[in-house]
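See below for the structure under consideration.
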Amino acid sequence: MRLLALIAVILTGGLIIFQTGAFPDFGDANAPANTYLSTYYLEHGQADTHAPNIVTSVLADYRGYDTMFETTVVFAAGLACFFLLRRKKVPGGEPRIYRHMPTGITLRIADGGKLPAEDSEVFRRLDTEFVPQQLIIKNTCRIVIPFIQIFALYVIAHGHYSPGGGFQGGVLLAASIILYAISHDLRRAIRRFSEKTAALMGSLGVLIYAGTGALCLLMGANFLNYKALAPLLGVDAVMARSHGILIVEIGVAFAVMAMIIWIYYNLSSAGKHDEGL
Amino acid sequence: MTDLLPLMAAKYNYWIYTILMMTGLYAMIAKNNLVKKIIGMNIFQTAIILFYVSIAYKTGGTLPIIMEGGHGGGHGAINAADYINPLPHTLMLTAIVVSVATMGVALALAIKVYRQYGTLEEDDINHQIRTQAGQ
Amino acid sequence: MIPIDLAILTLVTISGIGALAIKDLLGAAIVFSAYSFLMCLAWAIMGAVDVAFTEAAVGAGVSTIFCVAAVFHTTRRTKD
């Protein structure tokens, strides 16, 4: 198998290397990829959409149809993880471990024993793996997480003018919740941002994207042609395209954030939503 | 050999992308462990992204964020050769996010396989399937 | 004088092969995170700031967490 793989790989690689002579040089401004369509985007992008960052205007405006289905792929991947891994919660069955917070004593309660209240501050439930007292990690994360979220909102809203946009901002928002789930525990994170919220938010994101396109259709223009939204938003056609990009980016951020968090919940607890990393 | 060296110097990005892509392909075919195969798949994907990003590069060009030329009056003031090509960047940006979502699905499948067979090694799984079919 | 992008691309190749050669899946996940981060640097040098930003958030952050989570629920051991 290894020999066969090696032969196949060397053959394929050799063919590609053999053909590199036909490719343009590295950094060639007159290469075919750099001359036809992208010239139009660079020269007219800002005048058309009022977004200096051409990557954003191409992503959400000129090629918005493409991006809509990329968002749908992320949504479908989240659903696929849910269907593959999620298991129904069986009541009881396994022993649970609690820590008495004032004294630091750890208690193991066997199956069938009396359990403290779920949101009790005196008894805190621990994972069955060894969990040390992580005061510094918890407090550091508590301070850092709001700043990550504000930066993520800035990245989404400022995507017209600087690198960033819905995908990056959504991933950063998801990373802040994942950081909370790792530094505290998975159950607290799920109490803050539940599975149902994730599912609804993901669907809402895709709905915002597709709905903006459908609204353009209702206003008498092509699908995702934001110019048609100008009378609704009360601005001229160029600014309507700029605002349309922002609306669509918010939808992308919703979908990406919710789906990455949902995939993390399912992967880190192997579908039980009980004990995470 | 004498004309190969300048060729390599002018097109080294293609060499490196080929090496990375073939590393990923070899791992996908020959590695025995499923997680290693998934990592190989991701290396393959990043190699393709490297290819797209490197063909977008222009020597002396700056980032594709327009600095001047205002609203409506920017025609002719913007020279496209001064800016790096934004189109491949756009295509690859979405590809990265989709790659992490597909990686999540692949790892979910790996967990599912481990739950069923108790191993991630491909030959062990094949062996178990064969013995179950023989009974 | 070696150009900086060539140096980083060499490191990318080394860490990519290292991630596949290492005989421990948790180690492989961490080396793969380093691979993603170096790749992000290479793209930033090539001028693709948006792509580099996404890769820094996604490749070096979230996909490593996914890998670690999967390894946590399966096994660290591997034969190759």
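What follows draws every value from the coordinates through simple rules; no lab data is involved. These numbers come from a predicted model, not from an experiment. Cβ: placed from backbone, ideal geometry, glycine included. Neighbour counts: every protein chain shown.
Observations on the model:
- If R0 is taken as 51 Å, the Cβ-Cβ distance between residue A:15 and residue A:196 corresponds to a FRET efficiency of 0.50.
- Alpha carbon centroid spacing (whole Å) that separates the range C:1-60 from the range A:123-202: 25 Å
- Positive end of the dipole of the range B:4-134 (Cβ unit charges, origin at the Cα centre): among B:32, B:125, B:60, the Cα lying farthest that way belongs to B:125.
- In the range A:180-264, inverting the average of 1/r over every pair of distinct C-alpha atoms gives 14.2 Å as the Kirkwood radius.
- Over all Cα atoms in the range C:4-73, the spread is summed up by Rg and Dmax: 12.4, 39 Å.
- Under 15 Å from residue C:79, Cα to Cα: aspartates and glutamates that are on another chain or at least 8 residues apart: B:121, B:122, B:123, B:124, C:24
- Taken residue by residue and averaged, Cβ atoms of other chains lying within 10 Å of the Cβ of C:16-28 number 4.
- Residue-averaged 222 nm ellipticity for chain C, from DSSP H runs of 4+ at -39500 (n - 2.57), nearest 500: -24000 deg cm²/dmol
- With the convex hull of the Cα atoms taken as the outline of chain A, the averaged projected area works out to 22.4 nm².
- With each label modelled as a point 7 angstrom along the Cα→C-beta vector, the residue A:161-residue A:3 pair spans 6.4 nm.
- With a threshold of 27 Å on the Cα-Cα distance, the over-threshold entries among A:88/A:114; A:196/B:112; A:89/B:37 are A:89/B:37.
- Neighbourhood charge, 13 Å Cβ-Cβ cut-off, centred on residue C:26 and excluding it, Lys, Arg +1 and Asp, Glu -1: +3
- For residue A:222, net neighbour charge (Lys/Arg +1, Asp/Glu -1) across residues whose Cβ lies under 14 Å away: +2
- Shown for A:243, B:127, A:160: other C-beta atoms within 10 Å of each C-beta, ranked fewest to most, produce the order B:127, A:243, A:160.
- Distance cut-off 27 Å, percentage of C-alpha pairs in the range B:4-134 lying past it: 45 percent
- Among the residues of B:43-54, the average count of other protein chain beta-carbon atoms within 10 Å of the residue beta-carbon is 5.
- Relative contact order [Cα under 8 Å, 6+ residues apart], the range A:121-256, whole percent: 25 percent
- Equivalent ellipsoid semi-axes, the range A:1-156, via Cα gyration tensor eigenvalues times 5, rooted, Å: 53, 28, 18
- Qualifying lysines (Cα of each under 23 Å from Cα of residue B:11; at least 8 residues distant if same chain): B:58
- Figure legend: label point modelled 7 angstrom from the Cα of residue B:59 along Cα→Cβ; residues of the range C:2-26 with amide N under 15 Å from it are C:3-6.
- Exposure proxy ranking, count of Cβ atoms within 10 Å, fewest first, for A:127, C:50, A:185: A:127, A:185, C:50
- For residue A:272, a cut-off of 16 angstrom between C-alpha atoms picks up these aspartates and glutamates, skipping any fewer than 8 places away in its own chain: A:94, A:127, A:129, A:185, A:195.
- Radius of gyration (Cα atoms) of the protein assembly as shown, expressed as a multiple of 2.2 N^0.38 Å: 1.07.
- Between the range A:63-122 and the range A:243-263, the C-alpha centres lie 23 angstrom from each other.
- Here each label is just a point 7 Å from Cα along the line to Cβ, and for residue B:79 and residue A:37 those points are 2.6 nm apart.
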